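These notes are about the structure you will find just below.
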């Protein structure tokens, strides 16, 4: 399709099921019916699963990367004294390459 | 197959004879290494693919005085010996390992401190080693794990393997072993995990790092990246990770060494190696599960799920940033 604003061709990108047209010239973006709602929904999910924001200055170490497990700051399988056994391969993984 | 089975007892006997015995207790028996204990010593047969020259240098590093109390030193202080038709072997003092049934009791501070001392020590004098320091083998091992996944019997875990491939493709070339790392001036262990720590003398002595087979010059972030991966994937509680990283940072700073890993946020340096090691664990899990005709265990699933999130983060970054008119 052509850009309704400047008339240049628009390119389609598909990201996680949402189709986005962007103008090759003016970089304007065109959304089909329902796509804005789809993006809003994805944004809400992303916010829920994203790692916590960077800690305030003074805290020693930030919590981790963007691909970290959701809510990994609140639990973990190993590390506490007295957590015995090798459930589900967790212990084994800490002892192998 | 029968040849491989027959090689086991012959190799075990040859290792025991290096320590003056006819037989010993097998501590490890894998395709890339066999370890036999006799009294207060152990003998190790190294990976059949290990290059003898590089292995001799790695044993020389373990014996070098600046790593005393950090790397367990081999006995006697010298290069590898050949056993069983060309297999390289070396003899070491026996050290007591971390209890595999209680990884929670692992010495996280000692581990961080040991790696910091390894990284901060002055490099061995070239003339004192039998050759130049080889590269650290971490990235090559990650690539090997992905190759092993690709060559494992297919048909199952197809979606998991595809996810791992996407996470692998998003890594920088150096993390895939395709290019030298941007920094390679530090001696790194190359394969740190809880099985690489022993107390020597056994039971009461200080903790030491063992297994120098992958040691060499590389980016020290690689050595912190496996605990970082465990923490990021949720395998390890934040407290254990912070004790490990905190000890590392304290020792690096006390040594007056400059390192981006001792900055307030080490993740810019840790991110890519931690992703590579997560991919490695996921790929090995898939390869082993395929070979055994089983499903992934919980830890392996956890690593594959992390690979999916890495691929999603990479796909987000691919979308060109919309620009204003």
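Take the Cα of residue B:315, step 7 Å toward its Cβ, do the same at residue A:19, and the gap between the two points is 1.7 nm. Based on the reciprocal of the average 1/r between different C-alpha atoms, the Kirkwood radius for the protein assembly as shown equals 23.4 Å. With contacts taken as Cα pairs under 8 Å at a separation of at least 6 residues, the stretch B:1-93 carries a relative contact order of 25 percent.
Using only atoms on other chains, find how many Cβ atoms lie within 10 Å of each Cβ of peptide B:236-245 and report the average.
5
Measure nothing but the geometry: give the 0 to 90° angle between the long axis through the Cα atoms of B:108-120 and the longest principal axis through the Cα atoms of chain B, rounded to 10°. Taking Cα atoms only, the helix is inclined about 80 degrees.
With R₀ fixed at 60 Å, the C-beta to C-beta distance from residue B:254 to residue B:294 puts the FRET efficiency at about 0.80. At an R0 of 35 angstrom, the distance between the Cβ atoms of residue A:31 and residue B:173 translates into a FRET efficiency of 0.45.
Label sites at residue B:99 and residue B:147, each approximated as a point 7 angstrom past Cα along Cα to Cβ, lie 4.0 nm apart. Using only Cα atoms, tell me the angle between helix B:52-63 and the longest principal axis of chain B; keep it within 0 to 90° and round to the nearest 10. Tilt of helix B:52-63: around 80 degrees. Every helix of 4 or more DSSP H residues in chain B counts as -39500 (n - 2.57), and over all residues that averages to -15000 deg cm²/dmol at 222 nm. Taking the longest Cα principal axis of chain B as reference, the axis of helix B:221-233 is set at about 60 degrees. Under 1.5 on a/c is rounded, so check that first for chain B, then, if it is not, pick prolate when a/b is larger than b/c and oblate when it is not; a ≥ b ≥ c are the square roots of the alpha carbon gyration tensor eigenvalues. Oblate, because a/c is 1.5 or more while a/b does not exceed b/c. What FRET efficiency do you get for residue B:17 and residue B:51 if R0 is 25 Å and r is their Cβ-Cβ distance, rounded to the nearest 0.05? Once the sixth-power term is evaluated, E becomes 0.55. Taking 0.36 nm per residue of sequence separation and removing the Cα-Cα distance, the residue B:82/residue B:40 pair yields an extension gain of 13.0 nm. Under the rule a/c < 1.5 gives rounded, and otherwise a/b versus b/c splits prolate from oblate, where does the stretch B:147-222 land using the Cα gyration tensor? Since a/c reaches 1.5 but b/c is at least a/b, the shape of the stretch B:147-222 is classed as oblate.
The numbers here are math on the coordinates, done by the rules we state, and not lab data. Computed from a prediction, not measured in an experiment: that's the story for all the values here. Every residue, glycine among them, receives a Cβ derived from its backbone with ideal geometry; neighbour counts consider all protein chains shown.
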